[in-house]
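The structure appears below as structure tokens.
What follows is calculated from the coordinates using simple rules that are stated; it is not laboratory data. Computed from a predicted model, the values in this text were never measured in an experiment. Because the Cβ atoms are built from the backbone with ideal geometry, glycine has one as well, and the counts that use them run over all protein chains shown.
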Amino acid sequence: MRSEKQTIGDDVKLDGSVEAISFRNDETGYVVCTVKPADRANGTVTVVGNCAAIWVGEELTATGHWVNDSRFGLQFRADSIVCVAPTSTEGVRRFLAGGLIRGIGKIHADRIVDKFGSDTLHVIEHASRRLMEVDGIGQKRCDMIRKSWQTLRGVRDVMIFLQSHGVGMGQASRIYRTYGDQAIAVVKSNPYRLCRDVFGFGFLTADSIALKLGMDREAPERARGGLLHVLQTLQDDGHCFCEDSALLLTAQSHLGISVEKLAEALDAIIEEGTAVRDGNRIYLKELYQAECNVARRLAEIASAPPPFREIDANRALAWAEAKMRLVLAGEQRRAIASGVTSKASVITGGPGVGKTTIIRALVEIFQIRKLNIQLAAPTGRAAKRMAEATGREAQTIHRLLKYLPPKHAFAHDESNPIDADVLIVDESSMIDIILMDQLLRALPDRITLVLVGDTDQLPSVGPGNVLRDVIASNAIPCTRLDTIFRQDTRGMIVRNAHHINNGEELEAGGSDFFFIETPDPDRVVTRVCELVTTRIPAKFHIPPQDIQVLTPMRKNQLGADNLNVVLQQSINPTGPSLRRGLTVFRRGDRVMQLRNNYDKEVFNGDVGFIGDIDAEEDTLQVDFDGRRVEYERGDLDELVLAYASTVHKSQGSEYPAVVIVIATQHFKLLQRNLLYTAVTRGRKLVCVVGTHKAAAIATRNNDVRARQTALAERLSAALLPR
């Protein structure tokens, strides 16, 4: 073979085995790896390029040319890389020890290869029961290895097929987990199914695949997929429906398909039942059914007779005041009276206005009547706070409904309602239309329902604006609390929250609220790290794990993604870890769940801490408020680091201390309800880092974009006298 210096710039072929992988981007397929050339006894070379699937120990054939990189020196820059399973004994040993196959780590890799040598992969593929001949491998581990190997082979085939269509390793893994061995067939037949079926898969990628596979730009499948994409995007933005003309025009601008053909496609998805037409409104089927069901069930519950003798509100209030040793204010008395005399009612107001006191009083009154009381909230942290305030068990709504993983359904629904006379739900502004539908279908008609929440916070992450719509319908009694009770002479968190809500400037001073003017973005990042790691722990004795950084968005320098990387390096830089894409998950990291996973019983926005990491099994465990949940490497796309979080994702949670980042580069998201929500997350301390200009923009901007919903209208029609 000629020397590399003689062949720099020339196209050549390189054969060898993969010794190590220095860098791999799972989304783009770009890789930097160390390769031992087949025609050399000693020495290694660096290969860079794109490869759909590459693992340590595999045999590699790359075509490309040698370059002298000014920074990294001599490299083989590959135009194409093809890898196959290793054939040599040592290659197989390195391949198995790389952690790709669940159940095989370095120790078991050595034992298996010592037993079967170069036939190891053949044994795993065709005679896996023989693995039990190896010391330490029983039936359970044998089954685990066989299943993991089958998945690995399947994912590899999918990766190779999809790489030319711009699909990265992470997405390919999710596609395979969704469709199994049918993945390639599904993608070829209708790539637009990926948008509906695969978590994190967008229309643009599906459309790119479809066009590369030769689909006509005006094909009916593309038109239907585009319309559903627009509806799904609107749902992600919180809307329940879209007017038909706006839907067609939006889809036309995205797809370049005529309105006439899109109208035909719209008729088709309505006929097949994927979408529903209600006048000039177009809904995704699930949202239409949910909105109608919520209006119907609220009307049925509000109109049904209570299962208990009528409560005398005045006597009950006097008894509750004596029992709780306090004097209730007028609006608190009205809220409690409404709660005990109405089948369905709403209590709303900001921080410090006495919502928790009202919940406690309602519980005392209903309890003395020996009624079966259930308490619930959308998140685990909100439920925990509710339990601490009342001294009674409180559950998340999902746990109240009891999800059954084998059936992929809730145990409680219209055919098996929960056994309760009273249900009080806190943080109701967080409940989207889908969850409210699931909750109401599981309630008996006899229930007395009290919804408590703050409509001035950000609306639910999911579609709908349930609490606001219920109040706007004027069909269910609602008490708005305005008087601030939770306030001492020094406390500024509650006062500033109400200043924001009233469009007023933030107030300086106090010992629990600080604004650190910092116009330079680089300095903002530095100050946030200083506050979390040293200044707040030293001055206020609040440890870093109890401090939450909040920011309006995920991307850019002051977004959650970048802040999480910086904070992880400062707080938790070393220790056992697993990598997923560009993210390293390390023992002790604070993480957040990104989607509802009913099988694991963890839900969108749940926050926990990484505990054990098992490199042998390629798994980690996350502790969610004392409950440990296991994640395989393939599940890690459901987690993100949570040292910093978006304000939206913090809803329903309170933290001992919050550090809020607010800057003019967040301009599009600077709204009053966002800053208000962020400030009200802090229980003991709030530090705002950024500029007063950005805070002022947010405080003045109360032009919240209305969500397209019809619940208020439907509820009014169902309950108000005609």
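So if each residue of separation counts as 0.36 nm, and I subtract the Cα-Cα distance between Glu90 and Glu393, what length gain in nm does that give? Display every interim value, and only then the final one.
On the way: separation 303, 0.36 × 303 = 109.08 nm, distance 5.72 nm.
Value of the extension gain: 103.4 nm.
Given the C-alpha atoms of the range 171-311, compute the convex hull and give its volume per residue in Å³.
Details: hull volume 22.4 nm³, N = 141.
In the range 171-311, the Cα convex hull volume per residue is 159 Å³.
As I understand it, the dipole of the chain uses +1 on the Cβ of Lys and Arg and -1 on the Cβ of Asp and Glu, about the Cα centre. Which of Asn372, Cys242, Leu558 lies farthest toward its positive end?
Asn372
Please identify every one of the GluC sites (Glu not before Pro) in the range 617-685 that sits in a loop by DSSP and has no more than 11 other beta carbons within 10 Å of its own beta carbon.
Listed in order of number, the matching sites amount to none.
Can you pull the percent of Cα pairs in the chain with separation above 35 Å? Numbers along the way, then the final one.
On the way: 141597 of 260281 pairs.
In whole percent, the long-distance tail amounts to 54.
Dipole magnitude of the chain about its Cα centre, charges +1 at Lys/Arg Cβ and -1 at Asp/Glu Cβ only, in debye to the nearest 20? Walk me through the numbers before you get to the answer.
Numbers: 90 positive and 90 negative charges, 297 e Å.
With only Lys, Arg, Asp and Glu charged at Cβ, the dipole is about 1420 debye.
Residues of the range 683-722 with amide nitrogen under 14 Å from the 7 Å Cα-to-Cβ point of Arg281?
Only 707-718 fall inside the zone, counting backbone N under 14 Å.
If you take the beta carbon distance between Ala20 and Gln232 as r and set R0 to 60 Å, what does 1/(1 + (r/R0)^6) give as a FRET efficiency, to the nearest 0.05?
On the way: r = 41 Å, r/R0 = 0.69.
About 0.90, to the nearest 0.05.
Starting from the Cα of Lys140, draw a straight line to each of the aspartates and glutamates and keep only those under 13 Å, dropping any in the same chain fewer than 8 residues away.
Glu617
For the chain, build the charge dipole from Cβ charges (+1 Lys, Arg; -1 Asp, Glu) around the Cα centre, then report which of Ala698, Ile101, Gly464 sits farthest towards its positive end.
The listed residue farthest towards the positive side: Ala698.
Which order do the peptides 236-247, 269-280, 582-593, 115-126 take when ranked by the mean count of other beta-carbon atoms within 10 Å per residue, highest first? Could you put the intermediate results ahead of the total?
Numbers: 236-247: 17.9, 269-280: 14.1, 582-593: 20.4, 115-126: 16.1.
Answer by packing, highest mean first, reads 582-593, 236-247, 115-126, 269-280.
Suppose the chain between Phe199 and Val12 were pulled fully straight at 0.36 nm per residue; how much longer would it get relative to their current alpha carbon spacing? Mind dumping the intermediate values first?
Numbers: separation 187, 0.36 × 187 = 67.32 nm, distance 4.02 nm.
Contour length minus Cα-Cα distance gives 63.3 nm.
Could you give me the ³J(HN,Hα) list for the range 595-610, computed from phi with Karplus coefficients 6.51, -1.76, 1.60 and θ = phi - 60°, whole Hz, x at Gly and Pro?
Listing the rounded values in order: 8, 5, 10, 5, 5, 8, 6, 10, 10, 3, x, 5, 10, x, 10, 5 Hz.
Could you pull out the pairs from Lys355/Lys600; Lys555/Lys668; Lys600/Lys649; Lys355/Lys668; Lys355/Lys684; Lys355/Lys539 whose alpha carbons sit more than 23 Å apart here? Please report the intermediate quantities before stating the final value.
On the way: Lys355/Lys600 32 Å; Lys555/Lys668 13 Å; Lys600/Lys649 19 Å; Lys355/Lys668 32 Å; Lys355/Lys684 18 Å; Lys355/Lys539 31 Å.
Exceeds cut-off: Lys355/Lys600; Lys355/Lys668; Lys355/Lys539.
Quote the FRET efficiency, to the nearest 0.05, computed for Gln182 versus Thr61 with a Förster distance R0 of 25 Å and r equal to the Cβ-Cβ distance.
On the way: r = 29 Å, r/R0 = 1.18.
In this case the efficiency is close to 0.25.
Along the positive direction of the dipole of the chain (beta-carbon charges: Lys, Arg +1; Asp, Glu -1; about the Cα centre), which of Thr120, Val92, Ser342 reaches farthest?
Result: Ser342, furthest along the dipole toward the positive end.
How many angstrom lie between the C-alpha centres of the range 620-667 and the range 61-75?
Using only Cα atoms, the two centres lie 40 Å from each other.
How large is the dipole of the range 169-311 about the Cα centre if only Lys and Arg carry +1 and Asp and Glu carry -1, each at its Cβ, rounded to the nearest 20 debye? Spell out each step's value before the answer.
On the way: 16 positive and 20 negative charges, 96 e Å.
So the dipole magnitude of the range 169-311 works out to roughly 460 debye.
Just how large is the dipole of the range 263-379 about the Cα centre, in debye to the nearest 20, putting +1 at every Lys and Arg Cβ and -1 at every Asp and Glu Cβ?
Numbers: 16 positive and 13 negative charges, 207 e Å.
Around 1000 debye, computed over the range 263-379.
Arranged from highest to lowest average of other beta-carbon atoms within 10 Å per residue, in what order do the peptides 594-600, 432-438 appear?
Working: 594-600: 15.6, 432-438: 24.0.
Sorting 594-600, 432-438 by mean packing, highest first, produces 432-438, 594-600.
How big is the range 48-158 along each principal axis, measuring the range of its Cα positions in Å and listing the largest first?
Between the extreme Cα coordinates on each principal axis of the range 48-158 lie 52, 27, 21 Å.
Taking amide H atoms as placed 1.01 Å from N in the peptide plane, list the residues 5 or more away in sequence, or in a different chain, whose amide H sits under 5 Å from that of Ile282.
Cys242, Glu243, Asp244
When DSSP assigns beta bridges and you keep just the ones with both residues in the chain, what percent turn out antiparallel, to the nearest 5?
Values: 60 of 101 bridges.
Beta bridges within the chain, antiparallel portion: roughly 60 percent.
Hey, what did the range 478-630 get for relative contact order, percent, Cα under 8 Å, at least 6 apart?
Details: 162 pairs, mean separation 15.4, N = 153.
Rounded, it is 10 percent for the range 478-630.
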